[in-house]
Amino acid sequence: MALDRWIGLILLGIFAAYGYAAWFTMDGSLAPFMQRNPIWPSTFPKVLSVMGIIVGLIIVLGLEKSDKPREENPSVIVYRQLKEFKLGQAGLLLGLMVAYALLLRPAGFIIATVGFLVMGSVILGERRWITMIVVAGIATGVVWYLVQVVLGIFLRPLPAFMGV
Amino acid sequence: MLEGILIGLQTAFSLQNLLMVIGGCLIGTFIGMLPGLGPMSIIAIMIPVAISLGDPSAALILLAGVYYGAIFGGSTSSILLNAPGVAGTVATSFDGYPMARDGKAGKALTIAAIASFCGGSIGAILLMIFAPMLSSVALLFHSAEYFALMVVGLSAIAAFAGTGQVAKAIMMTLLGLIMATVGEGALFNMPRFTMGLMDLQSGFAFITLAMAMFALPEALYLVMDPSRSKTGQSGDIKDLRITKDEAKSIAPVVGRQSLQGFFIGVLPGAGATIASFLGYAVERNIAPEKEKQEFGKGSVKGLAAPETANNAACTGSFVPLLTLGIPGSGTTAILLGALIALNVTPGPRLMVDDPQIFWAVIISMYIGNLILLILNLPLIPYIAKILAVPRNFLIPFILFFTLMGAYIGQNNATELLLLVGFGICATILRFADYPLAPLLIGFILGGMLEDNFSRSMQLYDGISFIWERPMTLGLLVIACLLVILPSYRARRARARAAGVADGD
């Protein structure tokens, strides 16, 4: 089974769970006066879940066929090329983004951002340390100034323990 | 209308807004030139900035400037590197790149800029004529018609997704719609589908979703597939002038494609990509035999046609956004999200309630096009230097701006984790050839769709509004036809082809 149909199956599962919540669990807590309304909070979700399940089945069962092979479209990535892709780098960068999300508050904007930009370049294979640190430092300063001073949104610049 | 134009002029020519449009065009050109980053990613990244401006006209003017700039930038990288940043400029590279290879890069860029300028300006005039007409009709609509109209819009987007793709596009739209139901709705005052998580109480943030759907997958693709980010020196760009004969030969092309592109752009879901390919095909077919041979080898007509058409279509796509409040493309969906965040509801009331926003946007389209022509064109040789920035530096920055955008919008670090999670899902969906724009459009329209649906249900005490209001019924029938027809026709064509193969 092709990847798109597997994903169709997962989406079908999501719609089934959503539909279960809409049809069977949501209405239990509905106040009696709201039950007289023609529309309940679960009405629209019920409609969506039914449609989602129907369309999901169409995809999973492969009822709609494409008449041109996807390889013809240059902008589409064929997932069979996946082996040639640098998945490791992408994974590391995603990990770095998660680390940034977790460190942004405790470590402060400046340390977290300089670290992120330098580590990002390192992951991609850059080894010109001085250039990286200078570029990252300037960019961090400029962005911090723009966000904090120009846009007026608070960004803690230094680590939490330093009190700022 | 004259009064409106005057208000628009007054707003658009304020110093702040002029700076916005200039800044937007430059930023858009700058980033749009980077292969792999399309207008949607750039606008998504710029949204937090636009929203924090606080002034809806300025925000929309900035974003529209970015949009135009990005498309112009995309054409530049198509011409110079044969690396279109967006699908809408793929047709530009057919003739633009051969011209650049012949050492006529400067001329190709000038033709692209002039064609874009004409397409955009003529589009803006048409917008001025048609938008008020459409919005006066739309004022007659009730919530039932609005509901039906949104269903038509969403189905049209799915229908234009192409053969074999309709089910996937509908699936993505529905996924967007169910994501919109998460959190506390306006009508019911009770949290839905939050799974008990406090962070989901207010629903998913639109900016996070926009970043995760467009900017992050693009950046990840650049990482995974280094051949996608063709950066490098683009050679010297000189001699920007075009001859009188060339101008004469492209004039009719520009005229035709401005009209055609605009009307294609108005259709929901069609947009710049279809307009540019169709424009190219039409011009090739009607060209005299001798010129037809030139197409694909550096024909000026072949370059002017898609460039005019895609800009006119971009302008056209503002018609449903401004008059009905229904976005026809991913980009206008993002603009709609930004407007809602600024407490402006686009739709027929926009012209009545906030005429300055409506007209200022239209006027700033002219200004934006003018700026692209007189400011960006001479600067192109310098702006093109950005193509030489090594990707090792570029990619961390793109990722950083994505993170910053989501963070500034919500001021919440959990949002960043959501961004990464959604970004991974979006990348996988793109691998499997699921279109992502319908998801975002569904998400943005979801709230309005449900509100209008609920209101009609309440007014008519049930679903009888569907058959008691002829216009609603008609629109819903159109929506069904839009979804069913492409599959039906494909099936019939296949059946016929199979019959022929059997010796029928």
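The values are calculated or read from the model by the stated rules, or taken from the named source; none is laboratory data. This is a predicted model, so every value here is computed, not measured. As a convention, Cβ positions derive from the backbone with ideal geometry for all residues, glycine included, and neighbour counts pool all protein chains shown.
B:Phe30 meets the conditions (1) surrounded by fewer than 24 Cβ atoms within 10 Å (Cβ to Cβ); (2) over 21 Å from the mean Cα position of the chain (by Cα) in every case but one. The failed one is (2). Annotation note: of A:Phe116, A:Phe85, A:Phe109, the sole residue that is within 11 Å of chain B (Cβ to nearest Cβ), buried (at least 18 other Cβ atoms within 10 Å of the Cβ) and more than 21 Å from the chain's Cα centre (by Cα) is A:Phe109. Looking only at residues of the range B:453-471 that are in contact with a Leu (Cβ under 9 Å, 6 or more places away or on another chain) and crowded, with 20+ Cβ neighbours inside 10 Å, we find that the one that is nearest to B:Leu339 (Cα to Cα) is B:Ser454.
Pairs meeting the criteria (first residue in the range A:120-144 and within 10 Å of another protein chain (Cβ to nearest Cβ), second residue in a helix (DSSP H, G or I) and among the polar types (S, T, N, Q), beta carbons under 6 Å, at least 6 apart or on different chains) are A:Ser121/B:Asn392; A:Ile123/A:Gln89; A:Leu124/B:Asn392; A:Glu126/B:Asn392; A:Met132/A:Ser121; A:Thr140/A:Thr113. Out of B:Leu387, B:Leu416, B:Leu403, B:Leu399, one residue alone is surrounded by fewer than 21 Cβ atoms within 10 Å (Cβ to Cβ) and not acidic (Asp, Glu). It is B:Leu387. Entry remark, the range B:178-193: residues being assigned to a loop (DSSP other than H, G, I, E, B) and either among the hydrophobic types (A, V, I, L, M, F, W, C) or surrounded by fewer than 16 Cβ atoms within 10 Å (Cβ to Cβ) (or both) number 7 in total.
You will find that of B:Leu417, B:Leu439, the residue that is among the hydrophobic types (A, V, I, L, M, F, W, C) and touching a residue at least 12 places away in the same chain (Cβ under 8 Å) is B:Leu439 and no other.
Taking the residues in the range A:1-19 that are aromatic (Phe, Trp, Tyr) and in contact (Cβ under 8 Å) with a residue 24 or more places away in the chain as candidates, determine which candidate is nearest to B:Phe431 (Cα to Cα). Among residues in the range A:1-19 that are aromatic (Phe, Trp, Tyr) and in contact (Cβ under 8 Å) with a residue 24 or more places away in the chain, the one nearest to B:Phe431 (Cα to Cα) is A:Phe15. B:Ser456 falls short on exactly one of the conditions (1) over 29 Å from A:Phe85 (Cβ atoms); (2) within 12 Å of chain A (Cβ to nearest Cβ); (3) part of a helix (DSSP H, G or I); (4) at pLDDT below 90, and that condition is (4).
Taking B:Ile7 as the residue in question, decide whether it is part of a helix (DSSP H, G or I), at pLDDT 80 or above, touching a Gly at 6+ places or on another chain (Cβ under 8 Å) and of a type in the set (Val, Ile, Thr).
Numbers: part of a helix (DSSP H, G or I): yes; at pLDDT 80 or above: yes; touching a Gly at 6+ places or on another chain (Cβ under 8 Å): no; of a type in the set (Val, Ile, Thr): yes.
Criteria not met by B:Ile7.
A single entry from B:Gly88, B:Gly119 fulfils the requirement of being within 18 Å of the chain's Cα centre (by Cα) and either surrounded by fewer than 24 Cβ atoms within 10 Å (Cβ to Cβ) or modelled with pLDDT under 85 (or both): B:Gly88. In the range A:26-44, the residue that is modelled with the lowest pLDDT out of those that are aliphatic (A, V, I, L, M) and in a helix (DSSP H, G or I) is A:Met34.
Screening B:Tyr382 with (1) free of Cβ contacts under 8 Å to residues at least 40 places away in the same chain; (2) within 14 Å of chain A (Cβ to nearest Cβ); (3) not basic (Lys, Arg) gives one miss only, at (2).
Flag not set for A:Trp23, criterion: aromatic (Phe, Trp, Tyr) and not in a helix (DSSP H, G or I). B:Ile441 falls short on exactly one of the conditions (1) modelled with pLDDT of 80 or more; (2) within 11 Å of another protein chain (Cβ to nearest Cβ); (3) in a helix (DSSP H, G or I), and that condition is (2). Checking B:Ile463 against (1) within 18 Å of the chain's Cα centre (by Cα); (2) in a loop (DSSP other than H, G, I, E, B), only one condition comes out false. Which one? Just one mismatch for B:Ile463, condition (1).
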